Structure formats: structure tokens, C-alpha cells
Amino acid sequence: MRAVQVREFGSFDLADVAEVANPVAGPGQVLIETHAAPLNFVDLLVIGGKYQFLPKLPFTPGKGPAGIVRALGEGVTNLKIGDRVLAMAETGGYAQMAAVDAGQCYLLPANMTFADAGASSLVYDTSWFALRARARIAPGETVLVLGATGGVGLASVQLAKAMGARVLAGVSNMSKAQMVRDAGADGIIDLSQDDLRESLRAQVFAQNAGKGADIVLDMLGGDYFDAALRALAWCGRLVVIGFAAGRIPSVKANYLLVKNIEVSGLQVSDYRKRQPERVAECYCEVFGLFESGKLKPLPYETMRLDDFKLGLRKIEDRTVTGRVVLLPQA
């Protein structure tokens, strides 16, 4: 089969597509024929050797591929050959075949294409755990999504809206505002305004009847985190998901006390390892909302396996609109 191979940590330019042996489904695993694999910002961290946990070299990167089950490993009873699945694997997606844990595979809705599944992979589950597990969302609350035009951001806008929230979408480029409106945002917060520390809070209060946001989902960090913390309502909750802006922020604990607010973090891979039953609950709800039409596929572009460097560069440069999905069989 053809697969992307990373032989040393560093720039993705050092990786290449090579002919390698097909993987074998071990006990508790299935072999899937990969039809779609998303490119993610986190892949840059893994390839660069900067992620929390790293695979052994050489390896094939790619989290969350979608495809068809072609072989069953010993002891697998929850799937059958021919099933269409989304596999929440940590690596192996940038390839034509992948061996993945059967317990991390979720049957796709009949009306979801492989490319749609790839575009949804690793963003809807991240959003779900941020909203359900960390922020404890309740209908009628106001959710501010920072970095709303990214994959997790767009998924969060849609999912929060489907969960009954009022959604404010933070965007740094107002030319992309229509994208988040189409995803269901009730209001737009312009993150490019001067004096972000004051302007972000002023915008939130102006669009939320003079009150702060109940929940903030922060994919950006840096100055955006600092400003958003001041825009929280009483007993508000801010969930740290990433640091795309670069700087890892800090917070003074006395501010949390005085304002009765919470800051928590989300590392979604931990849930897959520690609470797989909650991941199953997540996909049950997400796929159900998709089938009912309350969620729709995120905007994406598709690329061949050979074009993975082009896709990763667009993610690195933040020039991509929506998501990039590899089609390994193309």
C-alpha cells in the first residue's frame, strides 16, 4: 500500500509517500481500507515531535480516518467486514490501509459520505467534550467560540447551537464572518479590533443584553484568552482547547475567586483512553444530530495522498478555509 512515512521528527517536508507493507489487524483490531483522512493542526505537532505523546519512528501520521472494514482481528465482535466506520486512531490515517482498535470505531450514518466523515473527524468530538464534559452546557446559555472559522471552531458553533445555546463567533478576519453565520452563529465578535482587552468584552456585552458569556471555548490562547476571561459572566466557564495564537497564557487565581469563574482544559485523546464509553455517547449524539439535519458537514477541500504537504502547509500558514481531507484511494 501507499502511505506517508515520517522517519525523523521535524518539518513535514522531511516526510514522503512510500510503498509499505499492509498493516495486519491484531487482537481487538480491525483493518480498514481508508477512504478519507483529515489533516489537522495537531498533526503538525506530532510530526514536529512537539506533541504530548509521540509514536515510535518511523510512523504514518493521521488521526481519525474513515473507511471500510476489510479484516477482523481476533476477538472482534462489534464490527463486521464491510462496515463503514470512523476510526478514532491516533496515527495511521495518511495511508491506504490502517489497523485500528475496534473499540475506537464508530458506524457512520447512511447519509454521511467518507469525505464528510473525514471533515467531521477530531473536531465534533473535541467540541462535544468541551461543551458537555468540561463546560456543562445548558440550553439557553451564551457560548463564545474563539477561532470560530477553524475546524473545531465551526463544529463548536454548530454543536452549541444544536444543544440550545446562543452562539457568538469570534473571528479575526471579518471576510469569513458569513461562514460562521452559515454555521448558525447568532452574533459575530471581531477579534481584529484595536485594544482587544476592552473591545472583546464590549462586543460581547453589547450583543448579549449587557451580560458576559456563560461559556468560552478558546482554541487561540495568548491575548485572546486574556480578553475573553474578562468577558465571562458570573459563574462562567472557559475551556482551553489550544494555543493557535502562539503564547500560552496564565491566570491569577484571585481573579477566578473574585469573579466566581472557572478555567478548565481539554485534551480529548485522554477521554478515548480513559472513558471510551463517553466517546461512544459523544458519537451517538453527534451522528444522531447529523442524521436529523441539525448538524451539517463542515466546509472542506479534498486532496490526494501525494498532496499532503500542500495541505499541511495551508494549515500551518492558516490559509485554509474549513478543513482539508485526504482521499488515499484517489
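Across the stretch 2-53, the qualifying residues are those that are closer than 20 Å to ALA87 by Cβ and among the acidic types (Asp, Glu), and the one among them that is farthest from the chain's Cα centre (by Cα) is GLU33.
Before we move on, is ALA89 under 25 Å from LYS56 (Cβ atoms), at pLDDT 95 or above and touching a Gly at 6+ places or on another chain (Cβ under 8 Å)?
Numbers: under 25 Å from LYS56 (Cβ atoms): yes; at pLDDT 95 or above: no; touching a Gly at 6+ places or on another chain (Cβ under 8 Å): yes.
No.
Restricting the stretch 265-281 to residues that are basic (Lys, Arg) and touching a residue at least 40 places away in the same chain (Cβ under 8 Å) leaves a set whose member that is nearest to ASP101 (Cα to Cα) is ARG272. Annotation: SER250 fulfils all but one of (1) outside the structural domain of ALA155 (by TED's automatic domain parsing); (2) not in a strand (DSSP E or B); the unmet one is (1). As a summary of the residue check, SER264 satisfies the conditions (1) closer than 16 Å to LEU146 by Cα; (2) assigned to a loop (DSSP other than H, G, I, E, B) except for the one numbered (2). Restricting attention to the stretch 170-205, the residues that are in a helix (DSSP H, G or I) and either under 13 Å from LEU154 (Cβ atoms) or outside the structural domain of LEU154 (by TED's automatic domain parsing) (or both) add up to 7.
Of the residues making up the stretch 228-255, those that are in contact with an Asp or Glu (Cβ under 8 Å, 6 or more places away or on another chain), surrounded by 14 or more Cβ atoms within 10 Å (Cβ to Cβ) and over 21 Å from ARG136 (Cβ atoms) are ALA245, PRO249. The numbered conditions (1) at pLDDT 95 or above; (2) in a helix (DSSP H, G or I); (3) surrounded by fewer than 21 Cβ atoms within 10 Å (Cβ to Cβ); (4) over 17 Å from the mean Cα position of the chain (by Cα) are all true for GLU285 except (4).
Look at the stretch 64-81: where a residue is farther than 21 Å from ASP125 by Cα and assigned to a loop (DSSP other than H, G, I, E, B) and a partner is modelled with pLDDT of 95 or more and among the polar types (S, T, N, Q), sitting 6+ places away or on another chain with Cβ atoms under 7 Å, you get GLY73/GLN29.
Applying the set (1) surrounded by fewer than 16 Cβ atoms within 10 Å (Cβ to Cβ); (2) over 30 Å from THR91 (Cβ atoms); (3) touching a strand residue (DSSP E or B) at 6+ places or on another chain (Cβ under 6 Å) to GLY265 leaves exactly one unmet item: (2). In the set (1) farther than 16 Å from GLY322 by Cα; (2) in a loop (DSSP other than H, G, I, E, B), the condition left unmet by THR149 is number (1). Scanning for something assigned to a loop (DSSP other than H, G, I, E, B) and either within 17 Å of PHE308 (Cβ to Cβ) or of a type in the set (Val, Ile, Thr) (or both), does the stretch 46-55 turn up at least one residue? Yes.
Could you tell me whether TYR300 is closer than 22 Å to ILE137 by Cα and either of a type in the set (Asp, Glu) or surrounded by 16 or more Cβ atoms within 10 Å (Cβ to Cβ) (or both)? Spell out the reasoning first.
Numbers: closer than 22 Å to ILE137 by Cα: no; either of a type in the set (Asp, Glu) or surrounded by 16 or more Cβ atoms within 10 Å (Cβ to Cβ) (or both): yes.
In short, no.
So for the stretch 215-224 (the condition being assigned to a helix (DSSP H, G or I) and β-branched (Val, Ile, Thr)), does at least one residue qualify?
As a first pass, look at the stretch 215-224 and keep what is assigned to a helix (DSSP H, G or I): 222-224.
Add one more test, that the residue is β-branched (Val, Ile, Thr), and what stays is none.
No, the stretch 215-224 contains no residue that is assigned to a helix (DSSP H, G or I) and β-branched (Val, Ile, Thr).
Taken over the stretch 139-185, the criterion of being among the acidic types (Asp, Glu) and either in contact (Cβ under 8 Å) with a residue 24 or more places away in the chain or crowded, with 18+ Cβ neighbours inside 10 Å (or both) is satisfied by GLU141 alone.
Note on the stretch 303-328: residues that are buried (at least 16 other Cβ atoms within 10 Å of the Cβ) and part of a loop (DSSP other than H, G, I, E, B) amount to 3.
The values are calculated or read from the model by the stated rules, or taken from the named source; none is laboratory data. Keep in mind it's a predicted model, so treat the numbers as computed, not measured. So basically every Cβ, Gly included, is an ideal-geometry build from the backbone, and we count neighbours across all protein chains shown.
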